[in-house]
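What follows is a short report on a single structure.
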Amino acid sequence: MHDFNAIARAYIAAWNTTDAASRAGQIAKAFTADVAYRDPIMQGDGHAGVDALIAGVHGQFPGFRFTLKGAADGYADTIRFSWALGPDGVPSVIEGTDVCQIEDGRLKTVTGFLDKVPAR
């Protein structure tokens, strides 16, 4: 049995870690070594690929933070959770929902869906 909320919190912690050295540990805690991440805008494989994605988001949105929206849910080895991204204290700018496969308590695949994006 998985603790879906703990897995989702580990994911959010990795995405919120701005220091590259600290982030490596958070990524290892949240993701399997062979993780595959896909969403409509970006993709990355393995810890290095996810690290590059996270660094890119911090570069594009400095000072923004990810938060969980509600509780994670799932069954067997599948988890689903929603998140929001924005500066502290103001409404989120971007929101999404991720559906992931779990292996050994960490995320092996992440398929992301964007629920709210800013107008361009």
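The values are calculated or read from the model by the stated rules, or taken from the named source; none is laboratory data. Computed from a predicted structure; not experimentally measured. Every residue, glycine as well, gets a Cβ built from its backbone with ideal geometry; the counts of neighbours run over all protein chains shown. For accessibility, only protein heavy atoms count, side chains too; no ligands or nucleic acids. Shrake-Rupley method; radii C 1.70, N 1.55, O 1.52, S 1.80 Å.
Here are Pro118, Pro87, Pro62: which of them is open to solvent by 80 Å² or more (accessible area, probe 1.4 Å) and either of a type outside the set (Phe, Trp, Tyr) or more than 13 Å from the chain's Cα centre (by Cα) (or both)?
After ruling out the rest, the residue left standing is Pro62.
Consider only pairs whose beta carbons are under 7 Å apart and that are at least six residues apart or on different chains; among these, list those whose first residue lies in segment 43-65 and is at positive phi and whose second residue is surrounded by 13 or more Cβ atoms within 10 Å (Cβ to Cβ).
Gly46/Val35; Gly63/Pro87
Would you mind finding the one in Gly74, Gly96, Gly49, Gly70 that is at pLDDT 95 or above and more than 23 Å from Phe4 (Cα to Cα)?
Gly49
Sort out which residues of segment 34-45 are open to solvent by less than 80 Å² (accessible area, probe 1.4 Å) and charged (D, E, K, R), and write them in order of number.
Filtering segment 34-45 down to residues open to solvent by less than 80 Å² (accessible area, probe 1.4 Å) leaves 35-37, 39, 42, 44.
Residue satisfying the conditions is Asp39 alone.
Name the pairs: first residue in segment 23-35 and more than 15 Å from Cys100 (Cβ to Cβ), second residue acidic (Asp, Glu), Cβ to Cβ under 8 Å, at least 6 apart or on different chains?
Short answer, once both residue conditions are applied: Arg23/Asp51; Ala24/Asp51.
Among the numbered conditions (1) surrounded by 16 or more Cβ atoms within 10 Å (Cβ to Cβ); (2) over 27 Å from Ala21 (Cβ atoms), tell me where Thr97 comes up short.
Every listed condition holds for Thr97 apart from (1).
From Ala71, Ala21, Ala55, Ala48, which residue is open to solvent by 40 Å² or more (accessible area, probe 1.4 Å), of a type in the set (A, V, I, L, M, F, W, C) and part of a strand (DSSP E or B)?
Details: Ala21 fails: part of a strand (DSSP E or B); Ala55 fails: part of a strand (DSSP E or B); Ala48 fails: part of a strand (DSSP E or B).
Unique residue meeting the criteria: Ala71.
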